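Each reported figure results from applying straightforward, stated rules to the coordinates on display, with no laboratory input. Quick caveat, the model's predicted, so the values are computed rather than measured. Cβ placement follows ideal geometry from the backbone for every residue including glycine, while neighbour counts extend to all protein chains displayed.
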């Protein structure tokens, strides 16, 4: 996939305020400070599309970005949305703010009809965290299509990263009969993004085919 255009559209406090659901949409979520903004900027080939911050909890709204991309040579441009969701976890916010975020995120994930896939970001430097596993299990209960993206793989050795990915998969297998797509990425070294974009390209084609049946 080649990204031709990526631009910010709107930040919404609730799903009802999001743009019209007239194209395929892919959302990114993860614990605060997991490297979500850096990954989004790597995928889109931009430096400041999503705001990168060292302060956890910087993203507080449902942020929509409009993307135009092309797959194979000769194919027409695809139009789709990339969505940056607030992180979950240890952001220093009040209990009421945290509850408001959870309501906003849950409402978006469960009701946004054009959401093709949710990419759940997990820090590759750490062993499986209960907060990530619990969130993923909720997606299963809600029947939400998702993939797991391990970030910051350059911050540890390949051996350590591989061990953490394997341990995470083993933890999921305690409740899941099969695992979702799994990607290992590094925004700094710009690795792994191609495979995520390939998946999005394939799902865009599925969306288009379903719209014409």
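Key figures for this structure:
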read-out: Label-to-label distance, nm, for residues given as residue 14 and residue 95 (7 Å Cα→Cβ offset); value: 2.3
read-out: Within the chain, helix-based [θ] at 222 nm, where runs of 4 or more DSSP H residues each add -39,500 (n - 2.57), nearest 500; value: -11000 deg cm²/dmol
read-out: Cα gyration tensor category, rounded, prolate or oblate, for segment 105-213 with a/c compared to 1.5; value: oblate
read-out: Per-pair calculated FRET efficiency, R0 = 25 Å: residue 142 and residue 170 via Cβ, rounded to 0.05; value: 0.60
read-out: Residue exposure sequence - 106, 132, 154 - by fewest surrounding Cβ within 10 Å; value: 106, 154, 132
read-out: Of (i) 16.7; (ii) 17.6; (iii) 19.7, the label for Kirkwood radius over Cα pairs in Å derived from the coordinates; value: (ii)
read-out: Residue 209/residue 66 FRET efficiency (R0 22 Å; Cβ-Cβ; nearest 0.05); value: 0.50
read-out: Order of 77, 43 - criterion: other Cβ atoms within 10 Å of each residue's Cβ, fewest first; value: 77, 43
read-out: Most mobile of 166, 174, 47 in a GNM of the chain (Cα contacts under 10 Å); value: 174
read-out: DSSP beta bridge pairing in segment 2-211, given as percent antiparallel to the nearest 5; value: 45
read-out: The chain: relative contact order in percent, alpha carbon pairs under 8 Å with at least 6 residues between; value: 24
